[in-house]
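Quick note: the coordinates plus some simple rules give every number you see, no bench work behind them. Nothing here was measured: the structure is a model prediction, and the numbers come from that model. For neighbour counting, all protein chains shown are included, and Cβ atoms are generated from backbone atoms with ideal geometry for every residue, glycine included.
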Amino acid sequence: MKFEIANLAMAAVAAVGITFGAASARAADKDIVDTAVGAGQFNTLAAALTAAGLVETLKGAGPYTVFAPTDEAFAALPAGTVDNLLKPENKDQLTAVLTYHVVPGKVMAADVVKITEAKTVNGAMITVKVDGDTVMINDATVTAADVAASNGVIHVIDKVILPPQ
């Protein structure tokens, strides 16, 4: 069974302002992984990054732009999808999904309005659409943008985006 996943990475939210609470102010002192873990809404993403062996990469120098699906976004996937992807024998599929959510470089929300697509670390392209205050990465909506990290930026999305098969 093939699973398409992830677009954690390039097009930030142009007009959506981010209020990520007090954690946002401290986020620039933490790398992408620690910033996401500290937010409390990315537990599934953190588990997936661990299973895929990508934690050290995203703790590295970067910079990276991560389009981070929330726990709710992962929960909306068909039943059993996450558990299946987390199995060791599906590590390649999981990695493909996760790296589809990452764009090399630091792409801030203000930069997103200037692009219509971006190449992910996965190698596949994601589409970026801006309509008023709404920014879409493929079919996911950016719900918070410009969450600063020491090695890049996180843009929160409401769906897990899947790479083309």
- For segment 34-165, what does the equivalent ellipsoid look like in terms of its semi-axes, each the square root of 5 times an eigenvalue of the Cα gyration tensor, given largest first in whole Å? 22, 16, 14
- Distance check, please: which entries in K30/K129; K30/K106; K59/K129 exceed 25 angstrom between their Cα atoms? K30/K129; K59/K129
- Item | Charge dipole of segment 37-105 about the Cα centre (unit charges at C-beta), most positive-ward option of L86, A61, A47 | A61
- Query: Spin-label point model (7 Å from Cα, Cβ direction): what's the D131 to E89 distance in nm?
  - Reply: 4.2
- Note on the structure: Once Lys and Arg are counted +1 and Asp and Glu -1 for all other residues with Cβ under 9 Å from that of I126, the total becomes 0
